[in-house]
Amino acid sequence: MVTFNAIDNEFAAATGSNVDSNAGGPGTSTFDYPPNATKDLVITSKPDDPDPYRFQVDDVYELSFGGMGGSTTIVEARVIRSDEISFASGHAVVFEGTNQNGDVVQVVWSPGFDLEQWYWDHFDGEQSPGFYVYDLDPDTEFSAPVMCFEAETLIATPRGPVRAASLAPGMMVETVDHGPQMLLWVGQSVTRGTGVMAPVVFPPGALGNDRPLVLSQQHRVMHGSAMAALLFATPEVLIPARAFAIAGIGGAAIAERPVVRYVHLLFERHELVQAEGVVCESLYLGDVARRALDAEARDEIATHFPELDFTLDGDEPFEAARPILRAYEARALFGVGSAAGAQGACRGTAEADARPRRLAASC
């Protein structure tokens, strides 16, 4: 069983006549007013869920949250929507179930997206905005990210390549931007390599690597090209390994395995390191990483950064070493590159409806 604690400004509910109101168009519900009346959403997976980190339509979780009317519990909350939001970073996951009183409740969770601010930006003083209650893009879904190297990955250090699992705090590692830098924290975990935890394998030669490069799906790799400069006004960007696999770049693919050991490498800043000769990121302590790390790991890391706020709703303590592309931006980059002779990928889009009533997405 896995528990997710939502940030208060990243979820809202629809109850009573707001459920399936169609006020924002067919297939929409209306947010309860005000959205900040709800707090402390806890999402707990079921014991038999083989992939609790991936939120797919028809998956079932248990939800609980508080509000002005007291606490609400939904024992069987079914996922009815799991879409990427591409007009801003984040996702839209909608749950539906009955509370302890037998009333239907819908809960919108938007990890990585400030739903409350969006609500107030689109509130017209008479009608609350709404949200779609069905999956708009079956090709996208929310997966809680894990960002790390596979244990046998060779990392460049001043004394030569060292396997990631052999690195320890205090050791020096070569970085692209700042030369040799000391590791402050190394975390390791062993998990089933299936579903969202399955690694991405870049075969030899895919990105100039001599050996296979194995990363978690959300671990980011640096990409440099004229097309990146054209689309994003910077020649170097960071892209999740999963995006390379979906686009089939260099033969990269998601490869399930019975067990995989993952390693986190943390420096005093977000760094770029050489992994099997490929430039990859170190652990970036942004919002998504803090969600993925357990409380013990966050507490241990906090001892190295006592001046920083490591609560889940705290500000991101690091500046990214390079601009980080969202998934739909990576698909756009690879898709445009296909027209110019590079590998291709599908591009997904999402946008706010012209009428400020709903959170819309399409592909």
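Cα centroids of segment 1-58 and segment 160-179: 41 Å apart.
Counting only protein heavy atoms and using a 1.4 Å probe, what share of the accessible area of segment 1-152 belongs to carbon plus sulfur, as a whole percent? Working shown, then result.
Values: 2810 of 6130 Å².
The computed percentage sits at 46.
If packing is taken as the average number of other Cβ atoms within 10 Å across a peptide's residues, how do 250-257, 8-15 rank, most packed first? Provide the component values of the computation, followed by the final result.
Details: 250-257: 16.0, 8-15: 22.4.
Highest-to-lowest ranking by the protection proxy: 8-15, 250-257.
Our summary gives segment 138-267 a relative contact order of 31 percent, counting only alpha carbon pairs under 8 angstrom and 6 or more residues apart.
So what is the diffusion coefficient of segment 137-186 in µm² per second by Stokes-Einstein at 25 °C and 0.890 mPa s, using a Kirkwood Rh over Cα pairs? Reported coefficient: 193 µm²/s. Give, as ranges by residue number, the residues of segment 1-16 whose backbone N falls under 14 Å from the point 7 Å along Cα→Cβ of Arg78. Hits in segment 1-16 for Arg78 at 14 Å: none.
With the Cα gyration tensor of segment 217-257 giving a ≥ b ≥ c as the square roots of its eigenvalues, does the rule (a/c under 1.5 for rounded; else a/b larger than b/c for prolate; else oblate) give rounded, prolate or oblate? Please report the intermediate quantities before stating the final value.
Values: a/c = 3.51, a/b = 2.26, b/c = 1.55.
In terms of gyration-tensor shape, prolate.
The peptide list 184-195, 132-143, put in order of mean Cβ contacts within 10 Å with the highest first, becomes 132-143, 184-195.
Kirkwood hydrodynamic radius (Cα pairs, Å) of segment 51-130?
Numbers: mean 1/r = 0.0719 Å⁻¹.
For segment 51-130, inverting the mean 1/r across all distinct Cα pairs yields 13.9 Å.
Provide the packing ranking of 161-170, 268-277, i.e. peptides ordered by the mean count of other C-beta atoms within 10 Å per residue, highest first.
On the way: 161-170: 15.1, 268-277: 20.3.
Final packing ranking: 268-277, 161-170.
Taking Cα pairs under 8 Å and at least six residues apart, what relative contact order does segment 1-146 come out at, in percent? Show your work: numbers first, answer last.
Working: 342 pairs, mean separation 41.5, N = 146.
Once divided by the residue count of segment 1-146, the mean separation gives 28 percent.
Where nothing but the Cβ of Lys and Arg (+1) and of Asp and Glu (-1) is charged, how large is the charge dipole of segment 41-157 around its Cα centre, in debye to the nearest 20?
On the way: 4 positive and 22 negative charges, 62 e Å.
Charge dipole, segment 41-157, about its Cα centre: 300 debye, nearest 20.
Spin-label model, Asp20 to Leu231: label points 7 Å out along the Cα-to-beta-carbon direction sit 4.0 nm apart. Taking a ≥ b ≥ c as the square roots of the eigenvalues of the alpha carbon gyration tensor, segment 218-287 is oblate, as a/c is not under 1.5 and a/b does not beat b/c.
Think of segment 157-223 as having a plus end and a minus end, set by charges on the Cβ of Lys, Arg, Asp and Glu; of Val201, Thr191, Gln217, Thr191 sits farthest toward the positive end of this dipole. Need one word for segment 1-121: rounded, prolate or oblate. Basis is the Cα gyration tensor (sqrt eigenvalues a ≥ b ≥ c); a/c below 1.5 gives rounded, then a/b vs b/c decides. Taking the square roots of the gyration eigenvalues as a ≥ b ≥ c, segment 1-121 is rounded. The phi-based Karplus calculation (6.51 cos²θ - 1.76 cosθ + 1.60; θ = phi - 60°) puts the 3J(HN,Hα) values of segment 117-131 at 5, 4, 4, 5, 5, 10, 7, 9, x, 10, 10, 5, x, x, 8 Hz, whole numbers, x for Gly and Pro. Applying the Karplus relation 6.51 cos²θ - 1.76 cosθ + 1.60 with θ = phi - 60° to segment 206-221 yields 3J(HN,Hα) values of 4, 10, x, 7, 7, 10, x, 9, 10, 10, 5, 4, 9, 5, 9, 10 Hz, where x marks Gly and Pro.
The values are calculated or read from the model by the stated rules, or taken from the named source; none is laboratory data. Worth saying up front: this structure is predicted, and the values here are computed from it rather than measured. Note: ideal-geometry Cβ built from the backbone for every residue, glycine included; neighbour counts use all protein chains shown. Heads up: the accessible areas ignore ligands, DNA and RNA and are worked out on the full protein's heavy atoms, side chains in. Shrake-Rupley method; radii C 1.70, N 1.55, O 1.52, S 1.80 Å.
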